[in-house]
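A.B. asks: Starting off with a structure, shown below.
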Amino acid sequence: MSFLSYLYAGLFYCAAMVMVVGVGRKVMVYTRIPAPLKIPTTPAPTTRFGVVGRMLREVVFFESLFKSSKWTWLFGWAFHFGLLLALIRHLRYFTEPVWSWVAFLQSAGIYGGYAMVFGLLGLWGRRFFVDRVRYISAPSDHLMLALILAIAGSGLLMKYVWHTDVVALKAFALGLLWFNWAPLPSDPILLIHLGLVICLMFVFPISKLLHVPGLFFSPTRNQVDDSREQRHAPTSV
Amino acid sequence: MKKVEFDIPVITNHPITPSIKEGAMAHVRPFVAKQGHQEALGFPGELVDDWHDKAIEKMRELLGKYRSLQVFMDSCVKCGACTDKCHYFLGTSDPKNMPVARQDLMRKVYRRYFTFAGKYFPKLVGAVDLTKEVLEDWYSYYHQCSECRRCSVYCPYGIDTAEVTMAGREILASVGVGQKYSNEIIGKVYKIGNNLGLPEKALANTLEDLEEEVKDDIDVDVRFPLDVKGADVLLVTPSADFFAEPHVDGLIGYAKVFHQAGVSWTLSSHASEAANFGLFIGSQDNMQKVAMRVREAALELGVKRIIVGECGHAWRVAYSYWNTLIGPFDFLDPKYPVPQHICESTYDLIQQGALKFNKEENDDKIVTFHDSCNVSRASRMGNMPGGQFVIPREIIKAACNHFVDMREDTIKEGTFCCGGGGGLLTDDLVELRVKGASPRVQALHEVIEQHGVTHMAAICAICKSQFTKVLPYYDMQMDMIISVHQLVGDALELGVER
């Protein structure tokens with residue numbers, strides 16, 4: 001096995017560790033900090049069951065964003081839903097035999113890739129063409145879009161232009177998973193694609209990607225509107 | 001139109017989102033609290049020498065105290081969904097009045113001191129040191145937010161800029177830079193019992209005068225009881241209701257309703273104020289202390305119920321926080337919600353058939369309703385979500401023949417703040433208040449043009465004072481703004497068989 005294969009395997013383990021531990025730590029911090037007062041944005045559900053519904057609508061349909069801006073919603077939802085499909089498509093590298101529903105969604109994953117590129121270009125375009133969004137964009141906001149766009153783009157290039165040895169790649173992926181290491185094909189485009197994914201995993205817990213766990217801990221969305229019926233106990237700080 | 005030193009926004013037939021104008025409102029800031037006003041609330045009298053370290057320490061404390069603040073600092077992706085939602089941005093074009101930019105004033109400091117990326121790559125993520133200039137910006141722009149939560153409706157992560165503003169103000173106050181208007185008023189509540197500094201004797205006289213006034217007007221003995229032990233209901237209402245116009249007509253309306261329904265009620269001189277500016281300055285300690293007077297008054301007077309008058313943020317504090325801060329209310333009648341909004345009470349009485357209206361009394365008016373921000377987005381009425389939108393409208397329709405709503409995205413959960421909420425209802429912020437009112441005025445202008453609306457009813461003392469002040473800047477009559485319970489009081493048939 002080549003140095004490169006070891007390097008990538010090592011980086012993948014490190015990145016996974018950083019991502020899991022980093023996000024896990026944040027989740028623990030969020031859990032530990034009290035929410036001393038009732039602050040749901042109303043109208044809010046009056047039952048726990050209703051709150052689950054509200055969160056589901058936020059997570060699955062981006063309900064609030066839809067209320068806000070149809071364009072941002074379209075780009076944002078297309079990107080995230082596309083990402084989901086693409087991730088599902090990639091499960092084929094980690095499952096043997098490939099789960100039937102993953103096999104079923106393989107071609108959807110391709111469209112997912114298109115949707116990601118479409119959504120990301122739209123979101124990035126706003127950062128240039130809408131003066132308000134341009135004003136609030138930091139270099140990291142541009143870089144994050146560039147990073148994910150490059151991941152999606154390199155993925156699509158492998159599908160259509162520079163094919164890689166997917167059988168060998170799958171052996172590498174399964175090897176990572178089961179600690180039974182196998183060589184990584186050394187096509188430059190693949191190395192770029194995976195290198196960028198590793199970068200993304202590293203920055204996950206120290207960037208705005210924390211919106212993923214954050215959403216579930218947002219008191220304005222996850223609290224039940226029942227302050228008169230149920231006493232929200234004061235926290236002693 | 002009044003003579004003014006700033007440009008009044010032009011009211012157009014359709015809403016517009018302005019292009020950004022950097023620094024447009026950088027000169028606007030409220031007076032800083034004097035030493036006495038600060039110290040009465042437990043804050044240092046002036047900017048402390050080690051303000052930098054103290055401010056960062058306070059920020060650390062608040063990040064560990066409020067999950068909302070910590071999650072909101074981390075979660076924003078700068079999507080821009082909130083950028084065109086704030087009435088102060090729409091009215092001023094200053095980009096720092098966009099909710100995300102207002103949050104970023106704190107977030108960029110948070111990143112610098114509390115995150116890996118900000119510590120090692122500050123330029124990349126827009127992190128900055130806490131400098132005097134940043135602190136100045138905080139003071140300016142955290143007092144250009146009315147904590148109305150409109151942005152939180154549209155944020156995909158529910159980030160509520162009000163929480164950030166409150167934290168910003170608390171940090172500022174804790175290093176010695178509090179806001180004069182709010183802190184002075186809280187001091188008055190502690191010292192005298194209400195925001196207006198109306199002593200007990202003057203309050204008693206005012207209420208007697210009101211009884212006479214109503215007697216002269218309609219020849220019915222409507223009472224305005226004060227400190228009556230054993231009354232069923234303690235009414236806690238904003239002190240503006242005692243004499244400000246148009247507020248007082250609302251108070252007369254409540255009294256007529258209680259009179260006609262045979263409800264035994266009282267006001268309290270100990271808790272002669274529903275408002276709680278502790279909310280505005282983000283100080284939970286002060287909020288609790290202000291609220292505690294209500295619990296004490298209820299126990300002292302031995303009442304069975306507590307009803308809150310027309311006041312937006314007071315209703316938020318009462319509805320959302322009282323149970324936590326001054327509860328439990330196991331000494332009150334469990335058959336009624338605690339606390340109960342005056343509109344809930346009146347609505348119930350209408351449903352029971354206890355009130356009859358002569359709606360023709362209001363036929364000279366075509367009425368629209370201004371949803372107040374704290375009622376709409378931080379509380380509820382009735383037992384179903386959104387009852388806070390239904391109940392006041394049903395009351396108005398019961399008392400008036402002509403009612404129309406303003407444009408859908410400017411009412412209910414999307415309602416625009418009046419421009420004077422959140423501790424900004426002060427003359428040193430008139431420019432901000434006038435400009436911030438423009439989105440609401442624009443929507444009002446539409447229904448005036450289309451439906452000939454003559455009056456806008458509200459259920460918030462701040463909204464009423466604010467519109468009375470700013471509507472003339474837009475060539476609208478100051479008395480267009482009225483209390484919901486003025487409509488009720490004017491149309492209620494008194495003395496008839498129930």
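The values are calculated or read from the model by the stated rules, or taken from the named source; none is laboratory data. Computed from a prediction, not measured in an experiment: that's the story for all the values here. Backbone-built Cβ (ideal geometry, glycine too); neighbour counts: all protein chains shown.
A.B. asks: Within the range A:169-186, count every residue that is surrounded by fewer than 16 Cβ atoms within 10 Å (Cβ to Cβ) and under 26 Å from residue A:82 (Cα atoms).
C.D. replies: 1
A.B. asks: Another question, then. Consider the range A:204-237. How many of its residues are β-branched (Val, Ile, Thr), outside any loop (DSSP other than H, G, I, E, B) and either more than 8 Å from chain B (Cβ to nearest Cβ) or free of Cβ contacts under 8 Å to residues at least 40 places away in the same chain (or both)?
C.D. replies: Counting residues in the range A:204-237 that are β-branched (Val, Ile, Thr), outside any loop (DSSP other than H, G, I, E, B) and either more than 8 Å from chain B (Cβ to nearest Cβ) or free of Cβ contacts under 8 Å to residues at least 40 places away in the same chain (or both) gives 1.
A.B. asks: What do you reckon, is residue B:212 free of Cβ contacts under 8 Å to residues at least 24 places away in the same chain, away from chain A (no Cβ under 14 Å) and in a helix (DSSP H, G or I)?
C.D. replies: Working: free of Cβ contacts under 8 Å to residues at least 24 places away in the same chain: yes; away from chain A (no Cβ under 14 Å): yes; in a helix (DSSP H, G or I): yes.
Here the answer is yes, as residue B:212 does meet what is asked.
A.B. asks: Right, something else. Within the range A:9-51, work out how many residues are outside any helix (DSSP H, G or I), surrounded by fewer than 19 Cβ atoms within 10 Å (Cβ to Cβ), touching a helix residue (DSSP H, G or I) at 6+ places or on another chain (Cβ under 7 Å) and more than 7 Å from chain B (Cβ to nearest Cβ).
C.D. replies: The total comes to 0.
A.B. asks: Right, here's the next one. I need a count of the residues in the range A:57-89 that are buried (at least 19 other Cβ atoms within 10 Å of the Cβ), under 23 Å from residue A:110 (Cβ atoms) and more than 8 Å from chain B (Cβ to nearest Cβ).
C.D. replies: 8
A.B. asks: Moving on to the next point. Pick out the one residue from B:368, B:346 that is touching a residue at least 12 places away in the same chain (Cβ under 8 Å) and under 24 Å from residue B:234 (Cα atoms).
C.D. replies: Every option except B:346 fails the conditions.
A.B. asks: Out of the helices (runs of 4 or more DSSP H) lying entirely within the range A:121-196, which hold 2 or more residues that are under 29 Å from residue A:72 (Cα atoms) and within 14 Å of chain B (Cβ to nearest Cβ)?
C.D. replies: Once the helices (runs of 4 or more DSSP H) in the range A:121-196 are filtered for at least 2 residues that are under 29 Å from residue A:72 (Cα atoms) and within 14 Å of chain B (Cβ to nearest Cβ), what remains is A:131-136, A:139-160.
A.B. asks: Further question: So, in the range B:98-124, of the ones that are surrounded by fewer than 19 Cβ atoms within 10 Å (Cβ to Cβ) and either more than 9 Å from chain A (Cβ to nearest Cβ) or of a type in the set (Val, Ile, Thr) (or both), which residue ends up nearest to residue A:210 (Cα to Cα)?
C.D. replies: The extreme case among them is B:114.
A.B. asks: Just to be sure, is residue B:117 out of contact with any Gly (no Cβ under 8 Å at 6 or more places or on another chain) and over 23 Å from residue A:25 (Cα atoms)?
C.D. replies: On the way: out of contact with any Gly (no Cβ under 8 Å at 6 or more places or on another chain): yes; over 23 Å from residue A:25 (Cα atoms): no.
Taking the combined requirement at face value, the residue does not satisfy it.
A.B. asks: What number of residues within the range B:287-310 satisfy the criterion of being more than 22 Å from the chain's Cα centre (by Cα), surrounded by 24 or more Cβ atoms within 10 Å (Cβ to Cβ), of a type in the set (Gly, Ala, Ser) and outside any helix (DSSP H, G or I)?
C.D. replies: 0
A.B. asks: Mind checking which residues of the range B:12-44 are at pLDDT 95 or above, more than 20 Å from residue B:144 (Cα to Cα) and in contact with a His (Cβ under 9 Å, 6 or more places away or on another chain)?
C.D. replies: B:43, the sole residue that qualifies.
A.B. asks: Answer with yes or no whether residue B:325 is in contact with a Leu (Cβ under 9 Å, 6 or more places away or on another chain) and either under 25 Å from residue B:489 (Cβ atoms) or outside the structural domain of residue B:391 (by TED's automatic domain parsing) (or both).
C.D. replies: no
A.B. asks: With A:54, A:92 as the choices, which residue is assigned to a helix (DSSP H, G or I) and within 11 Å of chain B (Cβ to nearest Cβ)? Explain how you work it out, then say what you get.
C.D. replies: Numbers: A:92 fails: within 11 Å of chain B (Cβ to nearest Cβ).
From the options A:54, A:92, the qualifying one is A:54.
A.B. asks: Okay, moving on. Applying the selection to the range B:250-284, what residues are under 19 Å from the mean Cα position of the chain (by Cα) and not in a loop (DSSP other than H, G, I, E, B)?
C.D. replies: Step one: of the range B:250-284, the residues under 19 Å from the mean Cα position of the chain (by Cα) are B:250-251, B:271-284.
Matches in the range B:250-284: B:250, B:251, B:284.
A.B. asks: Also, quick follow-up: Could you tell me which numbered condition residue B:371 fails, if it satisfies all but one of (1) crowded, with 19+ Cβ neighbours inside 10 Å; (2) part of a helix (DSSP H, G or I)?
C.D. replies: Every condition holds for residue B:371 apart from (2).
A.B. asks: Please determine whether any residue of the range B:55-66 is within 11 Å of chain A (Cβ to nearest Cβ) and closer than 22 Å to residue B:413 by Cα.
C.D. replies: No; the residues of the range B:55-66 include none that is within 11 Å of chain A (Cβ to nearest Cβ) and closer than 22 Å to residue B:413 by Cα.
A.B. asks: Residue B:465: crowded, with 18+ Cβ neighbours inside 10 Å, out of contact with any strand residue (DSSP E or B) (no Cβ under 7 Å at 6 or more places or on another chain), in contact (Cβ under 8 Å) with a residue 60 or more places away in the chain and more than 23 Å from residue B:99 (Cβ to Cβ), yes or no? Show your work before the answer.
C.D. replies: Working: crowded, with 18+ Cβ neighbours inside 10 Å: yes; out of contact with any strand residue (DSSP E or B) (no Cβ under 7 Å at 6 or more places or on another chain): yes; in contact (Cβ under 8 Å) with a residue 60 or more places away in the chain: yes; more than 23 Å from residue B:99 (Cβ to Cβ): yes.
So residue B:465 passes the test.
A.B. asks: Further, regarding this structure: Mind listing whichever residues of the range B:161-188 are more than 24 Å from residue A:36 (Cα to Cα) and of a type outside the set (Asp, Glu)?
C.D. replies: Looking only at the range B:161-188, we keep the residues that are more than 24 Å from residue A:36 (Cα to Cα), and these are B:176-177, B:179-181, B:184-185, B:187-188.
Passing the criteria: B:176, B:177, B:179, B:180, B:181, B:185, B:187, B:188.
A.B. asks: Quick test for you: out of B:421, B:489, pick the one residue that is crowded, with 21+ Cβ neighbours inside 10 Å and either in the same structural domain as residue B:144 (by TED's automatic domain parsing) or part of a helix (DSSP H, G or I) (or both).
C.D. replies: B:489
A.B. asks: Mind checking which residues of the range B:286-325 are free of Cβ contacts under 8 Å to residues at least 60 places away in the same chain, within 10 Å of chain A (Cβ to nearest Cβ) and among the aliphatic types (A, V, I, L, M)?
C.D. replies: B:287, B:317, B:325, listed by residue number.
A.B. asks: Residue B:241: touching a Leu at 6+ places or on another chain (Cβ under 8 Å), closer than 30 Å to residue B:356 by Cα, in contact (Cβ under 8 Å) with a residue 24 or more places away in the chain and of a type in the set (Asp, Glu), yes or no?
C.D. replies: Against the criterion (touching a Leu at 6+ places or on another chain (Cβ under 8 Å), closer than 30 Å to residue B:356 by Cα, in contact (Cβ under 8 Å) with a residue 24 or more places away in the chain and of a type in the set (Asp, Glu)), residue B:241 qualifies.
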